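The values are calculated or read from the model by the stated rules, or taken from the named source; none is laboratory data. Quick caveat, the model's predicted, so the values are computed rather than measured. Cβ sites come from the backbone with ideal geometry, for glycine too, and all protein chains shown count toward neighbours.
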Amino acid sequence: MQRDRDILISCEPGVYTPAEDTLLMLGAVNISRDERVLEMGCGTGMVSVHCAKGGAVVTAADVNPEAVKCTKTNASRNDVLVNVVESDLFENIRGTFDLILFNPPYLRGEGRIMEDKAWAGGPNGTETLFRFLEAAVPHLDKNGRIIVIVSSDMDQAALDKVLRPFHVKELASMRLFFEELRVLELRPVSGRPRSVF
Ligand SMILES: C[S@@+](CC[C@H](N)C(=O)[O-])C[C@H]1O[C@@H](n2cnc3c(N)ncnc32)[C@H](O)[C@@H]1O
């Protein structure tokens, strides 16, 4: 999806400011009209608002109440409908989706305060991604797909293990000064999944 310069996104204190990873995800995602999309960890809602403007039926979720507020504001100021839910991963998410997106916290570290949860993916960098993938699969429709960002900062052996139950296609990548980011499309190896773990 191309960045739409008519879309205005504001960021509030305590909410992840859209950065290179946000734009990398945006550029790698393609949606069809009426596709049911869930964006986990929506932050300002930049990607969700683009998907909604493109005709998708969008649910956006974040564990951070400030991000939930911010996404609601950005959806309404851009005149699109986004169902925004405060949720620790799938805790408050019902139903299935054609596409589930997550630009997760992917750096090594513990998210002790809410603001740290934007970047701290656990001691290996993969723990939040693992919990997300485990819970995401039952929310995926038949032929559904998951798109995530991963980093070279993650423990690569742990990452290989986390990705093992999926067919993986790299959609985009970007080298930053201390890491490489990749956008991956994941489809469960076992077809229609309940759980693949
Ligand atoms: C790297 S930021 C990405 C924000 C936004 N999607 C973007 O690309 O600009 C990660 C986001 O995931 C959220 N997050 C972290 N852990 C979460 C969890 N357990 N459940 C839901 N959201 C979570 C953070 O609050 C943060 O908004």
Looking at Asn124, Asn143, which one is over 14 Å from the mean Cα position of the chain (by Cα), more than 21 Å from Ala28 (Cα to Cα) and outside any helix (DSSP H, G or I)? Asn124
Across segment 81-120, the tally of residues that are part of a strand (DSSP E or B) and of a type outside the set (A, V, I, L, M, F, W, C) stands at 4
Restrict the check to segment 72-80 and report whether at least one residue is within 12 Å of the ligand (Cβ to nearest atom), surrounded by fewer than 20 Cβ atoms within 10 Å (Cβ to Cβ) and outside any strand (DSSP E or B). no
Give me the residue from segment 30-49 that is in contact with a helix residue (DSSP H, G or I) (Cβ under 7 Å, 6 or more places away or on another chain) and among the small types (Gly, Ala, Ser) and, out of that set, surrounded by the most Cβ atoms within 10 Å (Cβ to Cβ). Gly45
Checking Thr17 against (1) modelled with pLDDT of 95 or more; (2) over 15 Å from the mean Cα position of the chain (by Cα); (3) part of a loop (DSSP other than H, G, I, E, B), only one condition comes out false. Which one? (2)
Top-ranked residue of segment 89-140 - restricted to ones that are surrounded by 18 or more Cβ atoms within 10 Å (Cβ to Cβ) and of a type in the set (Ser, Thr, Tyr), ranked as farthest from the ligand (Cβ to nearest atom): Thr126
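Kindly indicate which of Thr22, Thr59 is surrounded by 18 or more Cβ atoms within 10 Å (Cβ to Cβ), modelled with pLDDT of 95 or more and assigned to a helix (DSSP H, G or I).
Being surrounded by 18 or more Cβ atoms within 10 Å (Cβ to Cβ), modelled with pLDDT of 95 or more and assigned to a helix (DSSP H, G or I) holds for just one of Thr22, Thr59, which is Thr22.
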Taking the condition in contact (Cβ under 8 Å) with a residue 12 or more places away in the chain and within 9 Å of the ligand (Cβ to nearest atom), does Gly54 pass? no
